[in-house]
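*Asks:* After the structure tokens below, expect a handful of questions from me.
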Amino acid sequence: MLIKIGFDIALRFNVATSILYTLRVHPSRLADLVAPEDFRIEPNVPVQDYLDVFGNQCGRISAGPGMIRFTNHAVIRSSNLLDEEPPDLPQQDIRDLPVDTLPYLLPTRYCESDSELLSLAWGRFGHISGGAARVRAICDFVHNYLRFDYLRARSNRTALESYREGTGVCRDFTHLAITLCRCLNIPAAYTTGYLGDIGVPPVDDPMDFSAWFEAYLNGRWYTFDARHNARRIGRVLMGRGRDASDVALTTVFGLHSLENFHVITEQVG
């Protein structure tokens with residue numbers, strides 16, 4: 001299956017500043033691209049490309065007063081299979097987890113696993129046996145508990161605040177699910193990328209990037225999605241980290257405004 005992906009994002013600045021971005025396809029998916037991404041920045045400015053500590057393809061630019069426009073177009077090969085279902089096996093003992101999974105157990109800015117959510121997690125899910133069963137129960141809970149509302153979206157809402165407010169967008173669903181997993185000693189990573197209406201009825205909302213998460217179970221990472229609470233096809237990974245702050249599309253060190261935001265994710269043919 002082929003998927004056309006891309007975006008057109010424009011930001012306006014009143015003063016000179018620096019911008020970090022995570023807007024490219026994740027290095028693990030580069031071999032699936034039919035041709036290299038047609039990624040452009042207008043006006044043409046020097047770019048410092050780098051891999052961050054999580055292995056994401058990032059860039060840094062300096063922008064003067066005015067507008068910066070990021071565009072990208074690509075076609076990528078993708079499996080037409082649903083997200084893989086993890087086996088129902090006993091949860092791995094925390095003492096046996098690989099050391100590189102341990103950062104995904106710790107509390108972070110948006111995932112306060114050392115908060116009141118700790119008692120909630122053990123009280124609601126502690127009796128469930130098996131790591132995969134626990135993660136599925138968490139997804140069921142978050143999906144049914146939070147109300148999806150674009151109009152109440154805000155960039156600084158944490159998992160605990162999402163739980164208290166009972167609302168959020170896909171990043172909030174993901175943060176709450178990640179936090180509950182970590183409370184139960186299940187490593188969980190925040191992931192973001194493209195997820196179009198492929199294999200499901202289309203919705204009227206404008207296309208956007210999506211957030212989901214990966215849980216470490218039985219020696220490997222598996223994909224879960226508390227927002228949609230369903231296995232899907234056609235995910236295209238862009239970034240992976242501990243929470244949304246690690247994989248922000250753009251990080252701007254100064255005041256700015258969003259002038260344009262358009263995302264494309266659709267099956268070709």
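The values are calculated or read from the model by the stated rules, or taken from the named source; none is laboratory data. Everything numeric here is computed off the predicted structure, so don't read it as measured data. Ideal geometry is used to build each Cβ from the backbone, glycine not excepted, and the neighbour counts take in all protein chains shown. In case anyone asks, the SASA skips ligands and DNA or RNA and just uses the protein heavy atoms, side chains included. Shrake-Rupley method; radii C 1.70, N 1.55, O 1.52, S 1.80 Å.
*Asks:* What is the Cα radius of gyration of region 148-189 over 2.2 N^0.38 Å, N being its residue count? Each step should come with its number before you reach the end.
*Replies:* Working: Rg = 10.4 Å, N = 42, 2.2 N^0.38 = 9.1 Å.
Region 148-189 yields a ratio of 1.14.
*Asks:* Ok, one more. What residue among ARG231, ARG147, ARG164 shows peak mean-square fluctuation when the chain is described by a Gaussian network model with Cα springs under 10 Å?
*Replies:* Residue with maximal mean-square fluctuation among ARG231, ARG147, ARG164: ARG164.
*Asks:* Okay, moving on. Tell me the label-point distance for the pair SER115, ASN218, using the 7 Å Cα-to-Cβ offset, in nm and rounded to one decimal.
*Replies:* Reported label-point gap for SER115 and ASN218 is 3.2 nm.
*Asks:* Restricting to Cα pairs below 8 Å that are 6+ residues apart, what does the relative contact order work out to for the chain? Please round to a whole percent. Before the final figure, lay out the partial values.
*Replies:* Numbers: 584 pairs, mean separation 81.7, N = 269.
30 percent.
*Asks:* Give me the net charge of ILE19's neighbourhood, meaning all other residues with Cβ under 15 Å from the Cβ of ILE19; Lys, Arg count +1, Asp, Glu -1.
*Replies:* Details: positive: ARG12, ARG24, ARG40, ARG60, ARG69; negative: GLU42, ASP49, ASP52, GLU259.
Value of the local net charge: +1.
*Asks:* For region 66-138, which whole-number percentage of the solvent-accessible area (1.4 Å probe, protein heavy atoms only) is attributable to carbon and sulfur atoms?
*Replies:* Details: 2310 of 4030 Å².
The nonpolar share, carbon plus sulfur, comes to 57 percent.
*Asks:* Same structure again: Of all DSSP beta bridges in the chain, what percent run antiparallel (nearest 5)? Before the final figure, lay out the partial values.
*Replies:* Values: 55 of 57 bridges.
Antiparallel bridges: around 95 percent, rounded to the nearest 5.
*Asks:* Can you list the HN-Hα couplings for region 242-250, worked out from phi with the Karplus curve (6.51, -1.76, 1.60; θ = phi - 60°), rounded to whole Hz and with x for Gly and Pro?
*Replies:* The phi angles translate into 7, 7, 4, 5, 7, 10, 4, 4, 9 Hz.
*Asks:* Cα atoms only: what Rg and Dmax, in Å, come out for the chain?
*Replies:* For the chain, the Cα-based Rg and Dmax read 18.7, 56 Å.
*Asks:* Check THR108: other-chain or 5+ apart residues with amide H under 5 Å from its amide H, H built from backbone geometry?
*Replies:* It is SER113, by chain and number.
*Asks:* Calculate the FRET efficiency for ALA35 and LEU258 from the Cβ-Cβ distance with a Förster distance of 45 Å, rounded to the nearest 0.05. Working shown, then result.
*Replies:* Details: r = 29 Å, r/R0 = 0.64.
According to the calculation, E is roughly 0.95.
*Asks:* Measure out, as a whole number of angstrom, how far apart the alpha-carbon centroids of region 59-112 and region 143-163 sit.
*Replies:* 19
*Asks:* Nearest 0.05, what FRET efficiency do VAL47 and ARG77 give at R0 = 25 Å with Cβ-Cβ as r?
*Replies:* Details: r = 26 Å, r/R0 = 1.06.
The computed FRET efficiency comes out at 0.40.
*Asks:* Run through all the Cα pairs of region 70-145 and give the fraction in each 10 Å bin from 0, expressed as whole percent.
*Replies:* Whole-percent P(r) values from 0 Å outward: 13, 35, 31, 16, 6.
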